[in-house]
Each structure stands twice: as structure tokens, then as C-alpha cells.
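Below: one structure, written as C-alpha cells.
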Amino acid sequence: MSSSPRFIAPWVRDTAIEVFTELAHAEAGTHGVKTCDAVHFHEVGAIDSIVDTVGSLIALHELGANTFSCSRLPIGEGTCWGMHGLMPVPAPATLRLLEGMPVCAGPAGVTGELVTPTGASLLRVLTKSFREAGQIAGRPPSFTIRKIGHGAGTKDFERHPNIVRLLLGDDVELKV
């Protein structure tokens, strides 16, 4: 780990650009525009989305993480309010980002957004090589857990915590 980096590492910069490019493509497809230049990011263009994306990537870089997988993502149900009014959950751009990703139903009786567009675009980019390698979607690879991290969101659910969990580990070579 380095102490107080004075610049953003190239991997962080390039990956952040790729994350927002994925998001732009999803928004473009949703709005029926041909180029990403015509896309308006609405809520996800806010500073918190940039901080969440770049901050997450800086943390992963500082931890030395270089391969990524994710569990099934709970898509939620119901509706949410956005710049365009009342929308189904997942919102259209989020749903486009989840295409090809492992998903599952959310907890029974819970309505609302469970995966944000920022989270979906970040996971889509980070897990691309895992998915392209033909790994089983939603199942972790064999690895030895070295560290565990948790983060809490600001939305309160009645019956479950609003957390994200990160497992950091070393690949295990399976002998067949």
C-alpha cells in the first residue's frame, strides 16, 4: 500500500472511464439515442456517483485486487422515483446494465431499488473477464479468504441491513 497517493493510478482512471462508458451506453440504449455524447446522466451523474466509483476503484487498487467475481444481484421489485417520474425497479438503464449478469429476487416483501446504476455499472466492468472466461455466473471461484469488508448504505430496510460485503482472497489452484 502506498501512503496518500498524489495521483490516480492509471488502472483506476481507465476503469472509471470504462464504468461511466458502460453507464452511458445503457442510458443511450434506454433513451434511443445513437451516441453516448447525447446522454444525460441524471441522478447518476451527481458527484456522489463519481466519488463512489472512483473511491471504490482506489480502494480495490490499494488492496491489490486484480480479479473480480460477484454473487447474484438482487434486482428488487416495485417502483422508484427518478428524473422521469415513477419508474419500475430495476430502472431501465440499471436493467440494461444487468443484462448478462447473475441476478436473483430480493428479500420477500421488500420493494424498491436494491442495485443502483452506479453499482451495476461498476460490477459489470469489474466482472467482465470472469464472465468472459465462462465462469458460472453468481458463484464465487475457489479462493482462500484473507480479509472481509462490509459497507452500509443510507437506505433503511425494515427486515434486513443495507450492506455490501467484499471478500478479498487468494486464488486456489484446483488439482483435477
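Does residue 125 meet the test of being touching a residue at least 12 places away in the same chain (Cβ under 8 Å) and either more than 19 Å from the chain's Cα centre (by Cα) or part of a loop (DSSP other than H, G, I, E, B) (or both)?
So residue 125 does not fit the description; no.
On the basis of being over 30 Å from residue 170 (Cβ atoms), among the aliphatic types (A, V, I, L, M) and surrounded by fewer than 21 Cβ atoms within 10 Å (Cβ to Cβ), does residue 87 make the cut?
Criteria met by residue 87.
Which of the residues belonging to the range 63-106 are of a type outside the set (Ser, Thr, Tyr) and touching an Asp or Glu at 6+ places or on another chain (Cβ under 8 Å)?
76, 80, 82, 83, 89, 90, 91, 93, 97, 105, 106
Looking at (1) buried (at least 19 other Cβ atoms within 10 Å of the Cβ); (2) over 23 Å from residue 49 (Cα atoms), find the lone condition where residue 125 falls short.
Result: residue 125 passes all but (2).
Restricting attention to the range 92-101, does a residue exist that is out of contact with any helix residue (DSSP H, G or I) (no Cβ under 7 Å at 6 or more places or on another chain), crowded, with 16+ Cβ neighbours inside 10 Å and not in a loop (DSSP other than H, G, I, E, B)?
Within the range 92-101, one or more residues are out of contact with any helix residue (DSSP H, G or I) (no Cβ under 7 Å at 6 or more places or on another chain), crowded, with 16+ Cβ neighbours inside 10 Å and not in a loop (DSSP other than H, G, I, E, B).
Would you call residue 110 in a loop (DSSP other than H, G, I, E, B), over 13 Å from the mean Cα position of the chain (by Cα) and among the β-branched types (Val, Ile, Thr)?
Yes.
Let's see how each residue does on (1) surrounded by fewer than 17 Cβ atoms within 10 Å (Cβ to Cβ); (2) at pLDDT 75 or above:
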| residue | (1), (2) |
| --- | --- |
| 20 | no, yes |
| 31 | yes, no |
| 34 | yes, no |
| 39 | no, no |
| 47 | yes, yes |
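The values are calculated or read from the model by the stated rules, or taken from the named source; none is laboratory data. This structure is a prediction, so every number in the text was calculated from the model and none was measured. Because the Cβ atoms are built from the backbone with ideal geometry, glycine has one as well, and the counts that use them run over all protein chains shown.
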